[in-house]
């Protein structure tokens, strides 16, 4: 399974998002620190979930990082997170 798909699967299971978009941006970082020729190292996540209601930006990022701890420890070099509760500006 591709890393992008694993990220989407884990975030869906952890947060039951109303919106989820996982983008592989590895191609934009070729030759940079942490990149690999096969890619799958740099991702951007847009997620909207009730689970983030009343949480600070830092708390939301910690929640996402915890859900993806295995991926972050094993090959994902960078993860840009945009986490919102429903009704918040994305």
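The values are calculated or read from the model by the stated rules, or taken from the named source; none is laboratory data. What you see is a predicted model, and the numbers here were worked out from it, not measured in a lab. Cβ: placed from backbone, ideal geometry, glycine included. Neighbour counts: every protein chain shown.
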Right, residue 64: modelled with pLDDT under 95, outside any strand (DSSP E or B) and within 11 Å of the chain's Cα centre (by Cα) or not? no
Members of the range 6-32 found to be at pLDDT 95 or above and out of contact with any strand residue (DSSP E or B) (no Cβ under 7 Å at 6 or more places or on another chain), listed by number: 6, 9, 10, 13, 14, 16
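Yes/no matrix, rows are residues, columns are (1) without any contact (Cβ under 8 Å) to a residue 40 or more places away in the chain; (2) crowded, with 16+ Cβ neighbours inside 10 Å; (3) outside any strand (DSSP E or B):
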residue	(1), (2), (3)
60	yes, yes, yes
71	no, yes, yes
76	no, yes, yes
82	yes, no, no
